[in-house]
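Only one structure is covered here, and it is reproduced in the block below.
The values are calculated or read from the model by the stated rules, or taken from the named source; none is laboratory data. Note that the structure is predicted; figures quoted are calculated from it, not measured. Cβ coordinates were reconstructed from backbone atoms using ideal geometry, including for glycine residues, and neighbour counts include every protein chain displayed. The area values use the complete protein model at the heavy-atom level, side chains included, leaving out ligands, DNA and RNA. Shrake-Rupley method; radii C 1.70, N 1.55, O 1.52, S 1.80 Å.
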Amino acid sequence: MDETQAPTQEPAEASSRDARPTPQRRDPAATWRALLDAAVAEFAEFGFEGGRVDRIARQAGVNKQLVYHYFGSKADLYRTALEEVYRHIREREQELHLSDVDPEEAMRRLVGFSFDYLSEHPEFIALVNDENRMGARHLKTSEKVTEMHSPLVRLVEETLARGVKAGVFNDRFGPVNLYLSVAALSFFYLSNHSTLSVIFDRDMVSPAQAARRREHVISFVLSALRP
């Protein structure tokens, strides 16, 4: 056959070759997010010590080596997972738009949100408890966690100051102490509901019990703030 001539071939065979899928390049951002989401779930269930990098990679659908490529080490991945759960709750708090409502409604909204968020995100409670058992050794290496909490302190401080100016709040509490109380009232209840249910012989997180507890926490905080 003349080499200048195109070889004859069956149309079906040509079509089959043209239809072969080309290799897909992995999206780095999507891979990073998949690994981080898998890490949050893994460490929330098993803790840092029990968490397995191979399970995280398998859940994310990637090679185990990509964990080290994107995050450096298991400890770095764990720290990033902690930063992520803190980032998410702080971001959601900013969406409450507390400055758009009067101080009492703003405080009611903030306290209610804290209760609801912890109810809906047990992974936050699990990771924070696990990190506290280790003396916050991973958070101590974080360059982000203190900075991401500054807007929260300002948010509470501004709401408190508006309430004091309006004559509906007292000024006995600083913003940090106030938020510690707000968080603790919900965190203790939700992180210990299993043992509390046994001790008091009732389902502490049934819809009725949870609604009653939520309203109590809100009323408790507002009562403490009244002049």
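Only one of the numbered conditions (1) open to solvent by less than 20 Å² (accessible area, probe 1.4 Å); (2) farther than 23 Å from ASP100 by Cα is violated by LEU178, and that is (2). Here is the figure for the stretch 179-227: residues that are of a type in the set (A, V, I, L, M), under 22 Å from ALA44 (Cα atoms) and part of a helix (DSSP H, G or I) total 5. From the list GLU157, GLU93, GLU147, the one residue that fits, being open to solvent by less than 20 Å² (accessible area, probe 1.4 Å) and either at pLDDT below 95 or not aliphatic (A, V, I, L, M) (or both), is GLU93. Annotation note: of LEU77, LEU96, the sole residue that is more than 30 Å from ILE56 (Cα to Cα) and of a type outside the set (Val, Ile, Thr) is LEU96.
Counting only residues that are touching a Leu at 6+ places or on another chain (Cβ under 7 Å) and not aliphatic (A, V, I, L, M), the stretch 53-78 holds 2 of them.
The single condition among (1) at pLDDT 95 or above; (2) within 16 Å of the chain's Cα centre (by Cα) that MET134 does not meet is (2).
If a residue has to be of a type in the set (Val, Ile, Thr) and crowded, with 21+ Cβ neighbours inside 10 Å to count, how many in the stretch 35-66 make the cut? Let's see the steps before the verdict.
Taking the stretch 35-66 as the starting set, the residues that turn out to be of a type in the set (Val, Ile, Thr) are 40, 53, 56, 62.
The next check asks that each one be crowded, with 21+ Cβ neighbours inside 10 Å; those that pass are 40, 56.
Final tally of qualifying residues: 2.
Checking ARG172 against (1) farther than 27 Å from ASP130 by Cβ; (2) crowded, with 16+ Cβ neighbours inside 10 Å; (3) at pLDDT below 95, only one condition comes out false. Which one? Failing condition for ARG172: (2). Taking the listed residues PHE71, PHE46, the one that is free of Cβ contacts under 8 Å to residues at least 24 places away in the same chain and either within 20 Å of ARG133 (Cβ to Cβ) or touching a helix residue (DSSP H, G or I) at 6+ places or on another chain (Cβ under 9 Å) (or both) is PHE46, with no other qualifying. Per the listing GLU143, GLU147, the residue uniquely free of Cβ contacts under 8 Å to residues at least 60 places away in the same chain, not polar (S, T, N, Q) and not in a helix (DSSP H, G or I) is GLU143.
Could you check the stretch 96-115 and list, in sequence order, the residues that are part of a helix (DSSP H, G or I) and open to solvent by less than 50 Å² (accessible area, probe 1.4 Å)? I'd like the intermediate steps shown before the answer.
Narrowing the stretch 96-115 to residues part of a helix (DSSP H, G or I): 98-100, 103-115.
Those that are part of a helix (DSSP H, G or I) and open to solvent by less than 50 Å² (accessible area, probe 1.4 Å): LEU98, PRO103, ALA106, MET107, LEU110, VAL111, GLY112, PHE113, SER114, PHE115.
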